[in-house]
Amino acid sequence: MPLPATPSQTIGPFHGTALPFPGGGEAAPVGHPDTITVHGCLSDGDGAPVPEALLEFWQAAPDGSLVGAPGSLRRDGAAFTGFGRVVTRDDGRYTLRTLPPGGAPYLALCLLVPGLTRHLFTRVYLAFPEHDPLIEALPPARRATLLAAPEAGGHRTYRFDIRLRGGAETVFLAFPDRGGRPGPP
């Protein structure tokens, strides 16, 4: 009878055990009337869910200010920090509650996925702006992979599925090498 794999036999890193923090997916202040929900599923090239991936969301506040300064990991229930961190569940699903971004029309997303040695960057657009250099540089069929779809009947709820490979692969961003440090999305 085969034995289950031990941690040293599997491909890490395992971000889901040490980096999550209480309220990580609750970026919006408690009870804020403009709260939106962004949820979806992270899947591999075959469509299988990817559990234990860490998703970090960074964004501007609704007024366009960048408030993700020191203390972004602390939640006081009233302040908006512009940062959220969630782990995908066993079924690859995640949920983030945040406020609509102002200024930049997207949420920046960094994915740390078990089995990948480098993190991936992408954007989550709630709507495409009239002029956006990134969107305009993409073929029309690829643009849709960056757009969160509003859900019918879901009050201020958007679905954003992320596909790591395959024909419907999400557009991931590349940044110039900064001495081993990634640049901001």
For this session: State whether one or more residues within the range 154-167 are without any contact (Cβ under 8 Å) to a residue 60 or more places away in the chain and touching a helix residue (DSSP H, G or I) at 6+ places or on another chain (Cβ under 9 Å).
Result: no
Problem set entry | Wholly enclosed strands (runs of 3 or more DSSP E) of the range 86-162 bearing at least 3 residues hydroxyl-bearing (Ser, Thr, Tyr), open to solvent by less than 50 Å² (accessible area, probe 1.4 Å) and modelled with pLDDT of 90 or more | 93-98
For this session: Kindly indicate whether any position in the range 116-133 is touching a Ser or Thr at 6+ places or on another chain (Cβ under 9 Å) and closer than 25 Å to PRO62 by Cβ.
Result: yes
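A quick yes/no check of all residues on (1) modelled with pLDDT of 95 or more; (2) more than 15 Å from the chain's Cα centre (by Cα); (3) open to solvent by 60 Å² or more (accessible area, probe 1.4 Å); (4) of a type in the set (Phe, Trp, Tyr):
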{"residue": "ALA5", "(1), (2), (3), (4)": "no, yes, yes, no"}
{"residue": "ILE11", "(1), (2), (3), (4)": "no, yes, yes, no"}
{"residue": "GLY16", "(1), (2), (3), (4)": "no, no, no, no"}
{"residue": "GLU26", "(1), (2), (3), (4)": "no, no, yes, no"}
{"residue": "VAL38", "(1), (2), (3), (4)": "yes, no, no, no"}
{"residue": "GLY47", "(1), (2), (3), (4)": "no, yes, no, no"}
{"residue": "PRO70", "(1), (2), (3), (4)": "no, yes, yes, no"}
Exercise. Restricting attention to the range 170-181, and to residues there that are under 13 Å from THR122 (Cβ atoms) and open to solvent by 60 Å² or more (accessible area, probe 1.4 Å), which single residue is modelled with the lowest pLDDT?
Worked result: PHE175
Exercise. Could you give every pair whose Cβ atoms fall below 7 Å, whose first residue belongs to the range 88-111 and is under 11 Å from ILE36 (Cα atoms), and whose second residue is in a strand (DSSP E or B) and aromatic (Phe, Trp, Tyr), counting only separations of at least 6 or pairs across chains?
Worked result: LEU96/PHE57; THR98/PHE57
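The values are calculated or read from the model by the stated rules, or taken from the named source; none is laboratory data. What you see is a predicted model, and the numbers here were worked out from it, not measured in a lab. Virtual Cβ from ideal backbone geometry, glycine too; neighbours counted across all protein chains shown. In case anyone asks, the SASA skips ligands and DNA or RNA and just uses the protein heavy atoms, side chains included. Shrake-Rupley method; radii C 1.70, N 1.55, O 1.52, S 1.80 Å.
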